[in-house]
Structure formats: C-alpha cells, structure tokens
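Read-outs: derived from the displayed coordinates by stated rules, not from any lab. No experiment lies behind these values; they were computed from the predicted model shown. As a convention, Cβ positions derive from the backbone with ideal geometry for all residues, glycine included, and neighbour counts pool all protein chains shown.
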Amino acid sequence: MRSHLLNDTTADRYRRSVTEGIERVAAKLATTERPFTGVTVDALAPRIDRIDLDKPLHDTTAVLDELEDVYLRDAIYFHHPRYLAHLNCPVVIPAVVGEAVLSAVNSSLDTWDQSAGGTLIERRLIDWTNERIGFGRSADGVFTSGGSQSNLQALLLAREEAKSDSYAKLRIFASEASHFSVKKSAKLLGLSQDAVVTVPTGNDKRMQTVALAHELERCRRDGLIPMAVVATAGTTDFGSIDPLPEIAELCEQFGAWLHVDAAYGCGLLASLKNRHRIDGIERADSVTVDYHKSFFQPVSSSAVLVRDATTLRHATYHAEYLNPRRMVQERIPNQVDKSLQTTRRFDALKLWMTLRTMGADGIGRLFDEVCDLAEQGWKLLAADPRYDVVVAPSLSTLVFRYIPAAVTDPAEIDRANLYARKALFASGDAVVAGTKVGGRHFLKFTLLNPETTTDDISAVLDLIAGHAEQYLGESLDRAS
Ligand SMILES: *Cc1c(COP(=O)(O)O)cnc(C)c1O
C-alpha cells in the first residue's frame, strides 16, 4: 500500500497516474457535444449505490473506467458554450496547473510553518486585490472558501465593530436582490430574526438609496443600531450593481459598516473598459470577491478584503500548539490569525499562476467579452416578440421570460417557462437557470464563457420557445 504514498520513491507512479486522469478529462473536453447528458437522479443513483466501497480496484485505470460511468460521462460541463445557467465559469489552464501543484505539495495556509512561500504568495495577492479595489496601505484580507464565507466573516467584523452589548439591536441593510448568505450570516452571528432589513430595488434591480436612507433613519429613531449595509456589486440574479458612492455616503452619515459583496462583479477589477462601474468600492470597509466566478478560477478561490487590517483581529484566536501569541511579536506570519478556517487550501496559487501566465489584462479581457456578449444578447431578446426581458445587463446576466402571444394567463405562462427549463435540462442541449421576478417565473442566462456566441444564444432561445410551445400545445389538448 505504501506505493500509493506520494514521495521520493513514487514519482513515476505519480506522473503516470495523474497523467492518466488528465488524459481522461482532456478526452472528455474534446468530445462533449452537449453541456449535459440529461441523466436523471433515478438513473444515476443506482450506479453509484451499487459500488462496494470496501472492495477497492487497486488500479488507476480500472478506477478511472468506473469513474467514467459514475461521474465523467454525465457531469455538467461548464466549458461548453451552451452552459448558461449559474455563476460557473470555464476555468483557465494556468489555474488548473496551479491546482495540480497545490494539492500535490498540499501546503496548509494556516501557519507559516505549514506553508512558507505559500503564505507570502497569498499575502501578495491580497495586496494586489486591495490595490485594484483602491484601498490604502492599511488594508488586508484573507482567502476564503467562497463568497458565503467572505460575507459571514465581513459581517462578523461589522458586528464586533458595532460595539453593542445587545445583538438584538443590530440591523443589517441589504437590497431585495442581495445574496441569501447575508441572512444566513445574520443567523449564524446570533442576530435577531428581523436583523436583515430588506431595501427595495428599482426597475434596474439596484438598491434604492432613498429607501435605504428612510430605513436608516427609522432604525435610528427606533433606538436600533445600523450595524452594516451590504451593497451588492453584481447581484446573483441580475448582475445589477448597487449605487456604491451614494450608499457609502449614507454609511458615513449613519456610522454603518459598508460591506460590498462583489462576489460576481469583482471581474471588473481586471476589466480594461468597465472598471468604472464599481467606482466607490474603495470606500467599503470590507469587500467579498469570488475569483471562482469572474476570474475564471476553479472552485474554490475567494477572498474577503478589509480597508483596515486591525479589524481582522476579531477573528484572531491563539492556540499554543499552532499560533501562540508570542509569534505575533516574532513577526511570524500566521494567516490563521485572520481566517475563520484553520487548515486551509493554498487556493491563492491558482490566481498566482493565472496572473503570472496571462496577466490581469488577460482575465479582464475575457470578462469584458462576456459583458459584451450580454449586451448583444439583450438586444436579441429586446427585439424578439416571443420574449420579455427584465433589465439591460450591467455585467453578464440576462433574465427573460417566454411570452406566447395567444396566452394571457400569467400562471400558464409560468408553467410554460418552468417546463421549458426542465425539458431543456433533460435534453442536455443547453443548461439555463431560472428565478422569480415580481412573483413570476423567469429564465436566466449567466454568460461567463467567452466561447459562447450570439448564435448560441439565438439557438437556445429557439429551443426554449420550442419546449414552451410544446407544453402549451399539450396543455390545450388536455383542456379540450
Ligand atoms: C455567488 C454569490 C455569493 C456566494 O458565494 P459562494 O462562493 O457561492 O459561497 C455571495 N454573493 C453573491 C452576490 C453571489 O453572487
């Protein structure tokens, strides 16, 4: 069994085995004709259940053959230009090289004595990101597992900085289009059930600052404490960007912590032409970025950034075995002092490899391309009588709904759209997302693949219309 350990004597096995795995994926990528096979849970589950985990195959080739059957064949492939559903990007090769290196070396970024250079590389990337945000020299941050964790940590710092002895009085303000992790965080942080005050958005799906001002005033009048405002720079559903400068003004006026959730919009930090859309982000107290959404990085790659490094002390705990207090005086950099996690992957390496290979402009160009594509897609949808489209894109998301000319019942239209999404998924021809707008079911394209073309968009719109029409036709038959 020792031959499976990765060490000085097994370099050949390592090379062969990993290469074999890579060959499988490369072959898959080269031959996938659709983003999904349309496999059902009922068809796939028994294939996985029947595998006896106590009877190993001992052989990489055999295990990979089996993996083909239980995973690779039916996986959802984000690199495919007709995968248009969630905030998943195709990944760039330099990052995947980084992934292979970081899991083989297996540094853990909690302490210097488990990572050495990894710690310093992560710190450089935090500084790099902070510079792009426009934070000053006292900024800091740390890599996290994702936007949800970044939001939780940012709100933890905000809660501590509010310096209130009563959590029940703390209020967080976030738009109705903000991410649900804000509410989840409030719960985890022990705040009251109504701690998150929902601020309405306008037709543009951006937070209404007049409404925010009202809510902040009401909060003060009621003797409550405005702990934080969460501005979303790129909402998950619409890509809309809250008016950051106006919100920053209000935060100053009311003494509230400003958290900018740029999990999606962070791609603009590298953009060559759209960076101005997130102007004002430099006034935040904390920022969430998800490199695994708009920097074309593999999951996970994320960070939380803070304008004032000293606020990170609220996440600092010392353990004698790991990061004793004296190490701070000895200036030994232990990233665990800033993190909610202890053992932590060297995810930063993927971004490092990417920047060193392609440069930030390379990433920014790719993100600009998908934003341009969304513009074109919006024009297509706006001109298409079969569809109602919600809002012109600020990033790369399109939300729309099939509206058959002959049908007026909105519930029937809902069902046609829901059916179309399901039928499309089952066909595997394309994958799209869905959401609700004003209580009605809509469909969503999240465009993060620069290989997707307007022809793909048109073709998928035709497919959706075809499925919706089929549903409505059958529905007529049922009625008659
Ligand atoms: C995706 C997303 C999150 C959550 O990030 P994860 O990496 O999925 O945990 C938070 N906020 C916004 C705006 C998002 O789009």
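Quick notes
- Note on region 98-358: percent of Cα-Cα distances in each 5 Å bin, starting at 0 and stopping at the bin with the largest distance, equals 1, 6, 14, 18, 19, 16, 12, 8, 4, 2, 0, 0.
- Solvent-free Debye scattering, log10 I(q)/I(0), computed from the Cα coordinates of region 2-77 at q = 0.18, 0.26 Å⁻¹: -0.86, -1.21
- Put simply, the Cα atoms of region 277-378 extend 57, 30, 19 Å along their principal axes, the longest span coming first.
- Using just its DSSP H runs of length 4 or more, each adding -39500 (n - 2.57), the chain gives a mean residue ellipticity at 222 nm of -13500 deg cm²/dmol after division by all residues.
- Here region 48-115 was treated as a single set of alpha-carbon atoms; its pair distances binned every 5 Å from 0 give 3, 12, 12, 14, 18, 17, 15, 9, 1 percent.
- FRET efficiency for the H79 to R221 pair, using the beta carbon distance and R₀ = 56 Å, is estimated at 0.60.
- Residue (of A420, T310, S178) at the positive-pole extreme of the chain, dipole from beta-carbon charges: T310
- Residue (of V399, L67, T354) at the positive-pole extreme of the chain, dipole from beta-carbon charges: T354
- Residues V25, V437, sorted so that the one with the fewest Cβ neighbours within 10 Å comes first: V25, V437
- Between V210 and A411, the FRET efficiency from the beta-carbon distance, with R0 = 22 Å, is close to 0.10.
- 10 °C / 1.306 mPa s Stokes-Einstein diffusion coefficient of the chain, Kirkwood radius on C-alpha pairs, µm²/s: 65 µm²/s
- Nearest-20 debye value, region 2-77 charge dipole, Cβ charges on Lys, Arg, Asp, Glu: 200 debye
- Environment charge at C371 (Cβ cut-off 11 Å; Lys +1, Arg +1, Asp -1, Glu -1): -1
- In this label model, E176 and S480 are separated by 4.0 nm, measuring between points 7 Å along each Cα→Cβ vector.
- Loop-exposed chymotrypsin sites (Phe, Trp or Tyr not before Pro) per DSSP, neighbour cap 14 Cβ within 10 angstrom, longest uninterrupted part of the chain: 1-179
- 20 Å Cα-Cα threshold exceeded, pairs from K187/K293; K205/K436; K184/K444; K293/K422: K187/K293; K184/K444; K293/K422
- Charge dipole (Cα centre; +1 on Lys/Arg Cβ, -1 on Asp/Glu Cβ; no other charges) of region 117-252 amounts to roughly 300 debye.
- Dipole of region 199-301 [Lys/Arg +1, Asp/Glu -1 at C-beta], most positive-end residue of C219, F238, P200: F238
- Computed extension gain for I93 through R440, at 0.36 nm per residue and net of the alpha carbon distance, reaches 121.0 nm.
- Remark: region 98-358 carries a charge dipole of roughly 240 debye about the Cα centre, counting +1 on each Lys and Arg Cβ and -1 on each Asp and Glu Cβ.
- Using a cutoff of 8 angstrom between alpha carbon atoms and counting only pairs six or more residues apart, the relative contact order for the chain works out to 20 percent.
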